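Read the structure below first, then the notes.
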Amino acid sequence: MSIWFKNLQLFTMAPSWEVSPAKLEEALAAHPLLPCNAASMQSQGWQLPTPDSGWVYKQDSNMLVTLGVQQKLLPAAVINQAAKQKAAQIEQQQGFALGRKQMRDLKERIADELRPRAFVREKSIRAWLDPARRRFIVDSPTPKVAEEVAGALRTDLGEFPATPLITQTAVSAAMTTWLMAGRVSAEFALDQDCELIGGEQGAAAVRYVRHGLDGAEIRSLIKGGKTVSKLGLIWRERLSFVLTEKLAIKRLRFQAMDDDGSTDQRSSRQTEADEFDASVTLMIGELGGLLDDLITRLGGLQT
């Protein structure tokens, strides 16, 4: 079972706020994920992080939670096609074409009829509460999904004062400086991906993928006014990732990780629960160190 987060959306929690694992467990247990009913298109609720845990997986002060979302898939093209066929039958019966309002009402009726038979897609979104460092981290490539998880916690707990993490140094400015210099620090090395954008709205972006980033061409683009919006980095030769100007971490990969996202550390005596515990220990230790070093390199948190 792979626990490793692949994309990090970073929040900071208010220093005055705290929640016990027991209180969090109680709040999440009251709102489990339920299947979509016949009338709804989406259902949201909490899932067990692992079959052997409660609603909150605890390790020292760290807590992992999982938000589940079910969505019914009912494409507009399917509704339109069914409505078109039904409209043709009605027009033949009444002898004239349907008006705009009639067609709109027909589409709504068709959608209601198809909704109970729509396919259901389910996804799980993992999040990590790190009270010792006042961090809340969601495994998602988009801020919108991360905010949905934070919003669900606010609803179920009554309050959850978590805001996007902001550093003293602007991320884009720092990445541009690093790329111009051709180096970052003892902890970080440049990888082989980057994206540069122009200062003007609508300006073209230049992307380099699996490409050396120490060439004169890139420095020339920066001198011409482009800034870095994404940059591939390697942390202590153990983690590779892409950092964005919004301080999101994407395509995170542990260098010792297999292609399926797991690490080769399970012995023949380990149960799945033991493997999960070991993976969480490794992930929390590595990602905690990565974020500590990254925030320090960006001048610390903005207060």
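Here's a check for you: in segment 182-205, which residue that is among the hydrophobic types (A, V, I, L, M, F, W, C) and modelled with pLDDT of 90 or more is surrounded by the fewest Cβ atoms within 10 Å (Cβ to Cβ)? Explain how you work it out, then say what you get.
To start, the set of residues in segment 182-205 that are among the hydrophobic types (A, V, I, L, M, F, W, C) comprises 184, 186, 188-190, 194, 196-197, 203-205.
If we keep only those that are modelled with pLDDT of 90 or more as well, we get 184, 186, 188-190, 194, 196-197.
Values: Val184: 19, Ala186: 8, Phe188: 20, Ala189: 16, Leu190: 20, Cys194: 25, Leu196: 25, Ile197: 19.
Per the stated criteria, the residue is Ala186.
Out of everything in segment 129-147 that is basic (Lys, Arg) and touching a helix residue (DSSP H, G or I) at 6+ places or on another chain (Cβ under 8 Å), what residue ends up being surrounded by the fewest Cβ atoms within 10 Å (Cβ to Cβ)? Give the derivation first.
Quick first cut of segment 129-147, residues basic (Lys, Arg) only: 133-135, 144.
Those still in the list that are touching a helix residue (DSSP H, G or I) at 6+ places or on another chain (Cβ under 8 Å) too: 133, 135.
On the way: Arg133: 15, Arg135: 23.
That would be Arg133.
Can you tell me which condition Gly158 does not meet? The list is (1) touching a strand residue (DSSP E or B) at 6+ places or on another chain (Cβ under 8 Å); (2) on the phi > 0 side of the Ramachandran plot; (3) assigned by TED's automatic domain parsing to the domain that holds Leu64, and all the others hold.
(1)
If you scan segment 1-20, which residues turn out to be in contact with a strand residue (DSSP E or B) (Cβ under 6 Å, 6 or more places away or on another chain) and either among the aromatic types (Phe, Trp, Tyr) or at pLDDT below 95 (or both)?
Phe5, Phe11 - these are the residues of segment 1-20 that are in contact with a strand residue (DSSP E or B) (Cβ under 6 Å, 6 or more places away or on another chain) and either among the aromatic types (Phe, Trp, Tyr) or at pLDDT below 95 (or both).
Which one of these does Glu26 not meet: (1) among the acidic types (Asp, Glu); (2) without any contact (Cβ under 8 Å) to a residue 24 or more places away in the chain; (3) touching a helix residue (DSSP H, G or I) at 6+ places or on another chain (Cβ under 8 Å)?
Here Glu26 clears every test but (3).
If you check Gln42, Gln85, Gln93, Gln81, which single one turns out to be touching a strand residue (DSSP E or B) at 6+ places or on another chain (Cβ under 7 Å) and either surrounded by 12 or more Cβ atoms within 10 Å (Cβ to Cβ) or of a type in the set (S, T, N, Q) (or both)?
Of the residues listed, the single one that is touching a strand residue (DSSP E or B) at 6+ places or on another chain (Cβ under 7 Å) and either surrounded by 12 or more Cβ atoms within 10 Å (Cβ to Cβ) or of a type in the set (S, T, N, Q) (or both) is Gln42.
Regarding Ser53, is this residue at pLDDT below 95, not in a loop (DSSP other than H, G, I, E, B) and not aliphatic (A, V, I, L, M)?
Judged against the criteria, Ser53 is not a match.
Residues are listed down the side, and each one gets a yes or a no for (1) part of a helix (DSSP H, G or I); (2) of a type in the set (Gly, Ala, Ser):
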position: Thr66; (1), (2): no, no
position: Val69; (1), (2): no, no
position: Gln85; (1), (2): yes, no
position: Ala97; (1), (2): no, yes
position: Arg104; (1), (2): yes, no
position: Arg109; (1), (2): yes, no
position: Leu114; (1), (2): yes, no
position: Ala127; (1), (2): no, yes
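Within segment 142-171, work out how many residues are over 24 Å from Gln70 (Cα atoms) and in a helix (DSSP H, G or I).
First, the residues of segment 142-171 that are over 24 Å from Gln70 (Cα atoms): 159, 161-171.
Next cut, in a helix (DSSP H, G or I) only: 171.
Residues flagged as over 24 Å from Gln70 (Cα atoms) and in a helix (DSSP H, G or I) within segment 142-171 amount to 1.
I need every pair where a residue in segment 152-171 that is touching a residue at least 24 places away in the same chain (Cβ under 8 Å) has its Cβ under 9 Å from the Cβ of a residue that is part of a strand (DSSP E or B) and surrounded by fewer than 16 Cβ atoms within 10 Å (Cβ to Cβ), sequence separation at least 6 or different chains.
Final answer for the pair search is Leu165/Leu301; Ile166/Leu301; Thr167/Leu301; Gln168/Leu301.
Report yes if Gln265 is at pLDDT below 95, surrounded by 11 or more Cβ atoms within 10 Å (Cβ to Cβ) and in a loop (DSSP other than H, G, I, E, B), otherwise no.
Details: at pLDDT below 95: yes; surrounded by 11 or more Cβ atoms within 10 Å (Cβ to Cβ): yes; in a loop (DSSP other than H, G, I, E, B): yes.
Considered against the rule, which asks whether it is at pLDDT below 95, surrounded by 11 or more Cβ atoms within 10 Å (Cβ to Cβ) and in a loop (DSSP other than H, G, I, E, B), Gln265 comes out as yes.
Residue-by-condition table, conditions (1) buried (at least 19 other Cβ atoms within 10 Å of the Cβ); (2) free of Cβ contacts under 8 Å to residues at least 12 places away in the same chain; (3) among the aliphatic types (A, V, I, L, M); (4) farther than 29 Å from Ala118 by Cβ:
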{"residue": "Trp4", "(1), (2), (3), (4)": "yes, no, no, yes"}
{"residue": "Ala14", "(1), (2), (3), (4)": "no, no, yes, yes"}
{"residue": "Pro21", "(1), (2), (3), (4)": "no, no, no, yes"}
{"residue": "Ala30", "(1), (2), (3), (4)": "no, no, yes, no"}
{"residue": "Ala38", "(1), (2), (3), (4)": "no, no, yes, no"}
{"residue": "Asp52", "(1), (2), (3), (4)": "no, no, no, yes"}
{"residue": "Tyr57", "(1), (2), (3), (4)": "yes, no, no, yes"}
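If Leu153 satisfies every condition in (1) surrounded by 17 or more Cβ atoms within 10 Å (Cβ to Cβ); (2) over 30 Å from Pro51 (Cα atoms) but one, which is the exception?
Tallying (1) surrounded by 17 or more Cβ atoms within 10 Å (Cβ to Cβ); (2) over 30 Å from Pro51 (Cα atoms), Leu153 fails exactly one: (2).
The values are calculated or read from the model by the stated rules, or taken from the named source; none is laboratory data. All values derive from a computational prediction rather than experimental measurement. Backbone-built Cβ (ideal geometry, glycine too); neighbour counts: all protein chains shown.
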